[in-house]
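**Q** Here's a structure for you.
The values are calculated or read from the model by the stated rules, or taken from the named source; none is laboratory data. Because the structure is a prediction, the values reported are computed rather than measured. With ideal geometry, Cβ positions are generated from the backbone for all residues, glycine too; neighbour counts draw on all protein chains shown.
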Amino acid sequence: MSNKENFKIIAINVGKMLPTKDTRKNSLLTLDASKNLKKNQIYQFRNEYQFRKNDFSEVEYIPKTDVNLYELKTSINNIPININAVVGGNGSGKSTLIELLYWANYNIGSILNLLEDENRRKRKPFKFLDFELLYSVDLNTLINVVFKEGNVYQQTYKRKNNKFVANVSKQEIKSIDDLQQFFYTIVVNYSHFALNSLEIGDWINPLFHKNDGYQTPIVLNPMRTDGIIDINKEKYLLTRRLLANLLEPITEGQEENSLRNIANNKIASALELSYNPNPNATLEEPIDSTVREKLIEAFQQHFGFKITEQQLNNDLFVNVTLSYIHKKLIKMAFSDYKIFKRYREPKERNIKNINAYIRRIKESDSHAVFKVKGAILYLKYYQTLLPNLDFKKPFSLEIDGLSKKIQEIQKKESFMVNTFMMSPPSFFYINIVPKDGSSFGSLSSGEKQKIHSISSIVYHLINLNSVEQLKEEKAEESEKIIHYNYINIILDEIELYYHPEWQRTYIADLLDYIGKINPENLKHIKGLNITFLTHSPYILSDIPNAFVLKLIKGEPYIEGNETFGANVHDLLANDFFMQKGFMGEWAKSQIKLVIESLTLKINNKKIESLNGLLNEETEKNKIAIIKGEIKSIEIENSRYKEIDQSQCSSIISIVGEPVLYNSLMELYSQAFPNDETNFIQSQIDKLTKLLNK
């Protein structure tokens with residue numbers, strides 16, 4: 001039986017969680033992880049598994065419903081990709097269900113002492129959480145993670161025929177070593193009203209920060225402070241994240257099929273760089289001469305270049321870059337990156353063992369060293385990379401030219417060099433210039449949103465791939481780190497800002513973009529699971545119904561209509577999406593008003609006719625019947641509102657649905673028989689004008 005990698009999130013079993021008061025001082029919040037979700041309910045993301053009981057004790061696998069649609073094949077390895085979706089109306093429980101993963105990772109991070117509050121105190125796990133998470137890592141292995149009473153347990157299931165049976169008892173997660181088969185979650189959610197710590201609690205705050213070397217197994221994007229997204233900071237981060245992709249080498253003539261096609265066939269062709277001395281003023285201050293000399297000696301020994309006295313005396317770029325490197329080294333040593341703690345000098349808040357530190361930087365392939373390692377390489381090669389540099393004046397670089405120079409450096413150096421390292425140092429302000437001469441800032445909000453979401457995903461994938469273990473045999477227990485090989489991507493209402501055409505192509509575009517990443521930057525990743533929380537039928541059309549969880553008022557909704565390859569009209573026609581029809585509510589109210597007015601007019605004619613009969617009738621029984629009919633029509637008329645004839649004809653003339661239009665025309669002709677010919681002629685004239693355009 002094949003043991004092929006096959007990572008996917010299968011189901012969450014919600015227990016008996018109850019809301020609990022936030023016990024922090026001055027907090028009035030109630031912490032509620034389950035909200036409108038049902039207690040003791042399994043929420044199944046994928047239907048190729050069945051649960052004979054209302055728990056995870058017996059799991060049956062149905063291979064024929066497990067379709068491999070999205071696998072990424074690279075020159076180095078094949079990466080299984082599984083995609084599923086959660087859909088439902090507003091308030092159906094979509095976000096609440098997925099937020100259980102955020103609570104889960106908070107508790108894991110707290111148990112492993114990875115999370116701190118604003119006062120650097122270690123956070124404690126929540127004891128009220130009560131749910132289980134089931135996922136697979138390969139075709140023969142399921143893992144159930146249990147969150148109960150502030151503890152986290154895991155249990156492995158092995159496949160026998162098509163049934164999965166627990167082969168070991170539950171093991172409590174207590175250390176990094178217990179997470180070797182756990183997954184990392186990347187969340188992208190740009191909704192302005194989501195994930196606000198002032199509403200859901202400050203437990204969410206540390207899940208936005210990613211300064212622990214990707215150890216807490218989640219990151220939320222974009223960064224929020226009290227629920228607020230700093231758009232200008234996001235724009236800066238986006239530009240920096242994009243640069244590495246833009247600098248990847250491409251085949252001549254293939255720009256449109258490369259990562260340089262940033263949006264809607266806008267091809268990035270140049271970079272505008274400028275050094276802004278104001279925010280970087282401290283970089284121009286000289287660093288301690290002893291530290292500087294040790295850095296220069298280490299650069300010469302490990303990177304093979306020497307900085308001359310003349311450069312130190314006359315070259316501002318060299319001095320700013322040296323200061324930048326020094327500050328980065330200090331920041332890394334005093335951060336939560338465990339692999340650099342041994343180089344900190346706490347008393348002076350400086351660095352020690354500088355030669356070993358620089359050797360470590362050279363040998364490391366971790367994302368944590370990309371910026372500082374790149375800055376060292378810019379010191380070595382700046383006269384090639386930035387020719388004729390007048391440091392304080394703005395200048396431009398052709399992306400293709402810089403990319404080719406980076407390729408030459410990659411060939412020269414004996415250690416790994418990539419475009420993430422070789423993006424210009426972050427003390428430069430950089431503007432990306434498309435080939436058509438427009439500015440990056442001129443892109444539409446939808447274009448920017450798409451670039452933001454996809455580039456965030458790619459950025460974190462590449463960083464996660466680069467996380468490394470310490471190579472030293474005598475690594476301390478506190479220095480141990482985990483490399484997550486399985487990545488879960490959550491896209492919460494990603495269709496925000498998107499034209500329907502972009503919603504329709506989003507999954508294809510995302511898979512295409514991931515497929516263009518340099519395979520070296522994905523070689524350690526064994527599987528991707530992508531979960532969409534969406535209202536978009538366009539996105540659902542790319543996902544089989546077996547991989548779609550539908551929610552109504554917090555409960556799973558089971559129905560068999562296929563979604564994969566279905567056209568949007570058929571998806572919308574399903575009453576799960578449009579229980580009250582397709583028509584806009586305001587249009588419906590106006591058409592209803594027309595129908596009422598025309599019916600009122602027709603009814604009044606009936607009353608006139610009946611009154612005529614009444615005046616002529618002498619038989620008592622028939623008079624009573626006629627009066628009864630008149631009374632009945634008057635009661636009906638009392639429920640109707642009236643608009644004038646011209647407004648009725650104006651509204652009818654703009655109705656686009658032909659069957660409805662013809663029905664209204666028939667009603668109008670009955671109400672205003674003398675005007676029928678004029679109205680029809682006006683419509684003929686209107687259609688003739690359209691035909692002649």
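**Q** Given the residues I652, I680, which is the only one that is touching a Leu at 6+ places or on another chain (Cβ under 6 Å) and either β-branched (V, I, T) or modelled with pLDDT under 75 (or both)?
**A** Working: I680 fails: touching a Leu at 6+ places or on another chain (Cβ under 6 Å).
So the residue among I652, I680 that is touching a Leu at 6+ places or on another chain (Cβ under 6 Å) and either β-branched (V, I, T) or modelled with pLDDT under 75 (or both) is I652.
**Q** Go through segment 355-370 and give me each residue that's under 14 Å from A333 (Cα atoms), in contact (Cβ under 8 Å) with a residue 40 or more places away in the chain and among the charged types (D, E, K, R).
**A** Correct list: empty.
Each row is one residue, and each column tells you yes or no for (1) without any contact (Cβ under 8 Å) to a residue 60 or more places away in the chain; (2) within 26 Å of S445 (Cβ to Cβ); (3) touching a Leu at 6+ places or on another chain (Cβ under 6 Å); (4) surrounded by fewer than 20 Cβ atoms within 10 Å (Cβ to Cβ).
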position: E501; (1), (2), (3), (4): yes, yes, no, yes
position: D512; (1), (2), (3), (4): yes, yes, no, yes
position: K516; (1), (2), (3), (4): no, yes, yes, yes
position: L522; (1), (2), (3), (4): no, no, no, no
position: I525; (1), (2), (3), (4): no, no, no, no
position: I530; (1), (2), (3), (4): no, yes, no, no
position: H535; (1), (2), (3), (4): no, yes, no, yes
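**Q** Can you name the strands (runs of 3 or more DSSP E) wholly within segment 100-208 that have at least 2 residues being at pLDDT 95 or above? Spell out how you get there, then give the answer.
**A** Numbers: elements: 130-138, 141-148, 151-160, 163-166, 183-188.
Passing ranges, in order: 130-138, 141-148, 151-160, 183-188.
**Q** Could you look through segment 316-349, keep only residues that are in contact (Cβ under 8 Å) with a residue 60 or more places away in the chain and over 14 Å from N211 (Cα atoms), and pick out the one that is surrounded by the fewest Cβ atoms within 10 Å (Cβ to Cβ)? I'd like the intermediate steps shown before the answer.
**A** First, the residues of segment 316-349 that are in contact (Cβ under 8 Å) with a residue 60 or more places away in the chain: 316-318, 320-321, 324, 335-339, 341-342.
Checking the rest, the ones that are also over 14 Å from N211 (Cα atoms) come to 316-318, 320-321, 324, 342.
Numbers: L316: 15, F317: 20, V318: 19, V320: 20, T321: 21, Y324: 21, R342: 17.
Once the filter is applied, the top-ranked residue is L316.
Okay, residues lined up against (1) modelled with pLDDT of 90 or more; (2) more than 20 Å from I454 (Cβ to Cβ):
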site	(1), (2)
T239	no, no
T251	no, yes
Q254	no, no
A270	yes, yes
A281	no, yes
E285	no, yes
N319	yes, yes
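**Q** Of L402, L385, which residue is buried (at least 17 other Cβ atoms within 10 Å of the Cβ), within 19 Å of N319 (Cα to Cα) and modelled with pLDDT of 90 or more?
**A** Working: L402 fails: within 19 Å of N319 (Cα to Cα).
Testing whether each residue is buried (at least 17 other Cβ atoms within 10 Å of the Cβ), within 19 Å of N319 (Cα to Cα) and modelled with pLDDT of 90 or more leaves just L385.
**Q** Filter segment 634-646 for residues that are out of contact with any Leu (no Cβ under 8 Å at 6 or more places or on another chain) and either within 23 Å of S609 (Cβ to Cβ) or touching a residue at least 24 places away in the same chain (Cβ under 8 Å) (or both) and give the result.
**A** Those that are out of contact with any Leu (no Cβ under 8 Å at 6 or more places or on another chain) and either within 23 Å of S609 (Cβ to Cβ) or touching a residue at least 24 places away in the same chain (Cβ under 8 Å) (or both): E634, I635, E636, S638, R639, D644, Q645.
**Q** Identify all residues within segment 631-660 that are surrounded by 15 or more Cβ atoms within 10 Å (Cβ to Cβ) and part of a helix (DSSP H, G or I); write none if there are none.
**A** Matches in segment 631-660: I633, N637, Q645, C648, S649, I651, I652.
**Q** Need the failing condition index for E413 against (1) more than 26 Å from G253 (Cβ to Cβ); (2) surrounded by 18 or more Cβ atoms within 10 Å (Cβ to Cβ), just the number.
**A** Tallying (1) more than 26 Å from G253 (Cβ to Cβ); (2) surrounded by 18 or more Cβ atoms within 10 Å (Cβ to Cβ), E413 fails exactly one: (2).
**Q** I'm trying to understand the selection: among the residues of segment 96-116, which are among the hydroxyl-bearing types (S, T, Y) and either surrounded by fewer than 20 Cβ atoms within 10 Å (Cβ to Cβ) or within 22 Å of the chain's Cα centre (by Cα) (or both)?
**A** T96, Y102, Y106
Yes/no per residue for (1) of a type in the set (A, V, I, L, M); (2) more than 20 Å from Q155 (Cβ to Cβ); (3) assigned by TED's automatic domain parsing to the domain that holds H535:
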| residue | (1), (2), (3) |
| --- | --- |
| R46 | no, no, yes |
| K64 | no, yes, yes |
| N77 | no, yes, yes |
| P80 | no, yes, yes |
| G89 | no, yes, yes |
| L97 | yes, yes, yes |
| N107 | no, no, yes |
| I111 | yes, no, yes |
| K122 | no, yes, yes |
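Yes/no per residue for (1) without any contact (Cβ under 8 Å) to a residue 40 or more places away in the chain; (2) within 26 Å of the chain's Cα centre (by Cα):
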| residue | (1), (2) |
| --- | --- |
| L377 | no, no |
| L385 | yes, no |
| N388 | yes, no |
| F395 | no, no |
| L402 | no, no |
| V433 | no, yes |
| G441 | yes, yes |
| V467 | no, yes |
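Table: residues versus (1) in contact with a Leu (Cβ under 6 Å, 6 or more places away or on another chain); (2) within 26 Å of V458 (Cα to Cα); (3) assigned to a loop (DSSP other than H, G, I, E, B).
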| site | (1), (2), (3) |
| --- | --- |
| A356 | no, no, no |
| D365 | no, yes, yes |
| F370 | no, yes, no |
| G374 | no, yes, no |
| Q383 | no, no, no |
| P387 | no, no, yes |
| M422 | no, yes, yes |
| I430 | yes, yes, no |
